[in-house]
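Peer 1: Below you will find the structure I want to go over with you.
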Amino acid sequence: MSVSDPPVTGDSALEQRTAANSESAPARARSRRGASSSAPAKRPGRTTSPVKREELKVASLAALMGVVATYLPETEQARIRDAYRLSDEAHLGQFRSSGEPYICHPIAVAEICAGWKLDTESIMAALLHDTLEDSGVHKGDLVARFGSDVGELVDGLSKIERIAFSSRELQQAESFRKMLLAMARDVRVILIKLADRLHNMQTLEAVSPERRRRIATETLDIYAPIASRLGLYKVYNDLLDLSFKHQHPTRYRVLYKALQAARGNRREVLARILDGVQRALPEAGIKAEIISREKSIYGIHRKMKEKGLSFSQVLDIFGFRVVVDTVAQCYLALGALHGAFKPVPGRFKDYIAIPKLNNYQSLHTTLAGPFGTPVEFQIRTREMQRVAESGVAAHWLYKAEDESFSDLQKLTHAWLQSLLDIQSNTGDALEFIEHVKVDLFPDAVYVFTPRGEIRALPRGATIVDYAYTVHTDIGNQAVGANINNAEAALRTELQNGDVVEVLTDPESKPNPAWLNFVRTAKARSEIRHYLRTMEYGDSVKLGRRLLEHALGAVQVDISQVDPGKLDQAVRDAGVKNLEELHADIGVGKRLAQVEARALALRIAGKPTPAMLIPQLAPMMIRGNESGAVSYAPCCNPVPGDPIIGHLRGAHGLIVHWWRCKTAQRNRDKDPDRWIEVQWANEEGTLFRSEIEVVVHSERGVLGKVAAEISAGEGNIVNVSMEEDASENGYMRFAVQVRDRVHLAQLLRRLRGIPEVSRVARRH
């Protein structure tokens, strides 16, 4: 059909297509687009050969338009029909692996989006979402015909397939990154993509088992968590169940049959519980809608696996949802239910007062029913029910710019903005996707700022993660924190209800060791960004020192080399200039000894005896080299300790105590990256060290020990304390000292305190 043809609605277009034979379908497609146009591109899972008519599922545009007509005017419906005509033409002659005409897929995707009551542009983009990949249609054509919104949405949904990538994983990561960044600009992109993935998962039986498993794993890793993050719980659970079905079909069938049998076995128990609830709520003056619910098959499987249970031991398979009108009625209903049935201790959660990360709100309580069977109840308002079912799509305000955003939209906007922040700090697509995966973990802890504001973080998040949620500068300058008015180390994991106050120092900088324990994508990307950019100058300085030190061993004075010859030798090393070479050496990407010998050979033209057996003197460490030189947290060396340096990629030079167990273990694995270093005789810099003090637990003993450290001019950075059964106290202090002599003086002072039984330095 040409653009000027009248719209073909309902089944007529598909009726024409199924009557065609395999040779005529592509020919008719070419004739509709013009004699010079080429046939639609073939892609995996799509064929241009139709199957027998009786085997096809006939899709209908009428069903889609019936849903759209419930909330969009006729003028907008006409635009949707126009988008359908182009999609119908672009996919003419293409069939899915199942044998149905390919146009069935975009219609189904659009119908899912219409069920969420998305706007006109979203429905049009859903119909057109595969046209850029499958035909001669270009983004400019879509913009000219349907507007820039539709063009940008379809482009954001299109994969990156015209670029040569080194691996399939990198291509997939780039496609994900493109989609997620398009989503950050317009959340409708991911809503359409989730609808697309849901329909693909529902019709996955036609592809090979290997491809089914790969797509199911991809769905579990990325798409299902995104659906949860956006509050689309129905989509989330459907994707989980479908992924499990295609990953482990036998387990799925066994659990499905067991669930069917359990429905009959527990019907009497559930009927008695429902009868009790229907009496208790009206007696309390509460009008409610009671909906039965059951745990998803994937949820049952996960619980069995995590807790080592059999199916018969999973007792909370069935439950009820109580939907009321107001928040106050939620709590009244909770009281009425607790009066009718005994609550199970420890199984109550108030997600109304403290919503989940995606703004999910509900009261969860588990009650002991007849015969001791536990049954979970979810109590929520109708608005909460709408959000729980449709998530961010339940608050569609693209056309209502004068209206204020809902809480869910604010949370979604903040998360999407964080994607842009992570992208700006990340150069590699695979690294970007890993950051996003970390942020998609559903488990969360809720902590409070000193002002009483609630902040949600992934489970296992530390003080450093929290600091970066407040502000990047707070994270970069963090030196410690108070949790519930008690001092805590930066790597301390946060717990629900903690009140956190971050302590900062303008002179402090991010430590590469933080990457070993931070959990959030924002913290990780900000730390790496700082290490890559803000310390570039420090890396250049360290690299210059390392290269000059290594050149001295092969008897080359770089200041005496002809500049033109030096520039050519540096370019031969594969870098633009000498500064770039210094930076690569400073961050550990290149080894100074290797580069020095190569430069010397290029400059001299032939090897000299010094190049063959270089005599490297230890490099001097002053202690004020800033971020390019760091001190290993495993042993915390101080001036006076015998030390050795490790050139670790992207971390610069890390100084270890000579006898550090970590250093001894790693030197055997990669000896070329270890160099001899010595302390320079310079004063004024303080170094971190850790000491353990064993005391008799008495009132005021911590104050005495802290006062003695202060009197000895030691600076306390962090302290922790615990007791054993014999009432001995174990204090662990992180202190800043000038050198080994200063540390020894502090230890002697502490041994003089009567309550102290033992003092030792911790390596």
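Here's the yes/no breakdown for (1) touching a His at 6+ places or on another chain (Cβ under 7 Å); (2) of a type in the set (S, T, N, Q); (3) without any contact (Cβ under 8 Å) to a residue 12 or more places away in the chain:
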| site | (1), (2), (3) |
| --- | --- |
| Gly452 | no, no, yes |
| Ala456 | no, no, no |
| Arg459 | no, no, no |
| Thr469 | no, yes, no |
| Val479 | no, no, no |
| Asn485 | no, yes, no |
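Peer 1: Something else now. Starting from residues that are charged (D, E, K, R) and part of a loop (DSSP other than H, G, I, E, B), keep the ones in the range 483-501 and report whichever is modelled with the highest pLDDT.
Peer 2: Among those residues, the one meeting the criterion is Arg491.
Peer 1: Sticking with this structure for a sec: Which residues, counting only those in the range 713-727, are surrounded by fewer than 16 Cβ atoms within 10 Å (Cβ to Cβ), more than 23 Å from Ile483 (Cβ to Cβ) and either modelled with pLDDT of 80 or more or touching a Pro at 6+ places or on another chain (Cβ under 6 Å) (or both)?
Peer 2: Glu713
Peer 1: Does Leu157 meet the test of being more than 29 Å from Thr250 (Cα to Cα), modelled with pLDDT under 85, buried (at least 22 other Cβ atoms within 10 Å of the Cβ) and not charged (D, E, K, R)?
Peer 2: So Leu157 fits the description; yes.
Okay, residues lined up against (1) in contact (Cβ under 8 Å) with a residue 60 or more places away in the chain; (2) crowded, with 17+ Cβ neighbours inside 10 Å; (3) polar (S, T, N, Q):
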position: Lys287; (1), (2), (3): no, no, no
position: His301; (1), (2), (3): no, yes, no
position: Lys305; (1), (2), (3): no, no, no
position: Ser310; (1), (2), (3): no, no, yes
position: Val314; (1), (2), (3): no, yes, no
position: Phe318; (1), (2), (3): no, yes, no
position: Thr326; (1), (2), (3): no, no, yes
position: Cys330; (1), (2), (3): no, yes, no
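Peer 1: Pairs under 6 Å by beta carbon, first residue free of Cβ contacts under 8 Å to residues at least 24 places away in the same chain and over 19 Å from Gly299 (Cα atoms) in the range 253-282, partner of a type in the set (Phe, Trp, Tyr) and surrounded by fewer than 16 Cβ atoms within 10 Å (Cβ to Cβ), six or more apart or different chains?
Peer 2: none
Peer 1: Also: Report, by residue number, each residue of the range 226-252 that is in contact (Cβ under 8 Å) with a residue 60 or more places away in the chain, open to solvent by 50 Å² or more (accessible area, probe 1.4 Å) and of a type in the set (S, T, N, Q).
Peer 2: Answer for the range 226-252, where residues must be in contact (Cβ under 8 Å) with a residue 60 or more places away in the chain, open to solvent by 50 Å² or more (accessible area, probe 1.4 Å) and of a type in the set (S, T, N, Q): just Asn237.
Peer 1: A follow-up question, please. Could we say that Val143 is assigned to a loop (DSSP other than H, G, I, E, B), open to solvent by 10 Å² or more (accessible area, probe 1.4 Å), more than 29 Å from Gly231 (Cβ to Cβ) and of a type outside the set (Asp, Glu) here?
Peer 2: No: the conditions fail for Val143.
Peer 1: Looking at (1) open to solvent by less than 50 Å² (accessible area, probe 1.4 Å); (2) assigned to a strand (DSSP E or B); (3) of a type in the set (Val, Ile, Thr); (4) closer than 22 Å to Pro637 by Cβ, can you tell me which one Val695 breaks?
Peer 2: Evaluating Val695 over (1) open to solvent by less than 50 Å² (accessible area, probe 1.4 Å); (2) assigned to a strand (DSSP E or B); (3) of a type in the set (Val, Ile, Thr); (4) closer than 22 Å to Pro637 by Cβ leaves (4) as the failure.
Peer 1: Answer with yes or no whether Leu547 is in contact with a strand residue (DSSP E or B) (Cβ under 7 Å, 6 or more places away or on another chain), within 25 Å of Met620 (Cα to Cα) and open to solvent by less than 60 Å² (accessible area, probe 1.4 Å).
Peer 2: Answer is no for this residue.
Peer 1: Go through (1) out of contact with any strand residue (DSSP E or B) (no Cβ under 9 Å at 6 or more places or on another chain); (2) at pLDDT 85 or above; (3) under 18 Å from Leu746 (Cβ atoms); (4) open to solvent by 90 Å² or more (accessible area, probe 1.4 Å) for Lys661 and report which single condition fails.
Peer 2: (3)
Peer 1: Output the residues belonging to the range 728-759 that are farther than 25 Å from Trp679 by Cβ, assigned to a strand (DSSP E or B) and either of a type in the set (Gly, Ala, Ser) or open to solvent by less than 100 Å² (accessible area, probe 1.4 Å) (or both).
Peer 2: If the condition is that a residue be farther than 25 Å from Trp679 by Cβ, assigned to a strand (DSSP E or B) and either of a type in the set (Gly, Ala, Ser) or open to solvent by less than 100 Å² (accessible area, probe 1.4 Å) (or both), then Asn728, Gly729, Tyr730, Met731, Arg732, Val756, Ser757 are the ones that fit.
Peer 1: Suppose the filter is surrounded by fewer than 19 Cβ atoms within 10 Å (Cβ to Cβ) and small (Gly, Ala, Ser); does Gly703 pass it?
Peer 2: yes
Peer 1: Which numbered condition trips up Asn476, out of (1) modelled with pLDDT of 85 or more; (2) within 20 Å of the chain's Cα centre (by Cα)?
Peer 2: Asn476 satisfies every listed condition except (2).
Peer 1: A further question follows. For Ser710, are the conditions met, namely being small (Gly, Ala, Ser), part of a helix (DSSP H, G or I) and open to solvent by 40 Å² or more (accessible area, probe 1.4 Å)?
Peer 2: yes
Peer 1: So, in the range 107-140, exactly how many residues are among the aliphatic types (A, V, I, L, M), part of a loop (DSSP other than H, G, I, E, B) and open to solvent by 20 Å² or more (accessible area, probe 1.4 Å)?
Peer 2: Total meeting the criteria: 1.
Peer 1: Could you tell me which numbered condition Val375 fails, if it satisfies all but one of (1) open to solvent by less than 10 Å² (accessible area, probe 1.4 Å); (2) β-branched (Val, Ile, Thr); (3) modelled with pLDDT under 80?
Peer 2: (3)
Peer 1: Any residue at all in the range 181-199 that is at pLDDT 90 or above, of a type outside the set (Val, Ile, Thr), over 16 Å from the mean Cα position of the chain (by Cα) and farther than 20 Å from Leu128 by Cβ?
Peer 2: Checking the range 181-199: not a single residue is at pLDDT 90 or above, of a type outside the set (Val, Ile, Thr), over 16 Å from the mean Cα position of the chain (by Cα) and farther than 20 Å from Leu128 by Cβ.
Peer 1: Could I ask something else about it? Does any residue in the range 72-84 that is in a loop (DSSP other than H, G, I, E, B) come within less than 7 Å, Cβ to Cβ, of a residue that is of a type in the set (S, T, N, Q) and buried (at least 19 other Cβ atoms within 10 Å of the Cβ) six or more places away or on a different chain, and which pairs are these?
Peer 2: Matching pairs, first to second residue: Leu72/Thr120.
Peer 1: In addition: Condition (residue is in contact with a Pro (Cβ under 7 Å, 6 or more places away or on another chain) and crowded, with 16+ Cβ neighbours inside 10 Å) applied to the range 530-542: is it met by at least one residue?
Peer 2: Scanning the range 530-542, I find at least one residue that is in contact with a Pro (Cβ under 7 Å, 6 or more places away or on another chain) and crowded, with 16+ Cβ neighbours inside 10 Å, so the answer is yes.
The values are calculated or read from the model by the stated rules, or taken from the named source; none is laboratory data. None of these values were measured; they are calculated from a predicted model. Virtual Cβ from ideal backbone geometry, glycine too; neighbours counted across all protein chains shown. Accessible surface areas use protein heavy atoms only, side chains included; no ligands, DNA or RNA. Shrake-Rupley method; radii C 1.70, N 1.55, O 1.52, S 1.80 Å.
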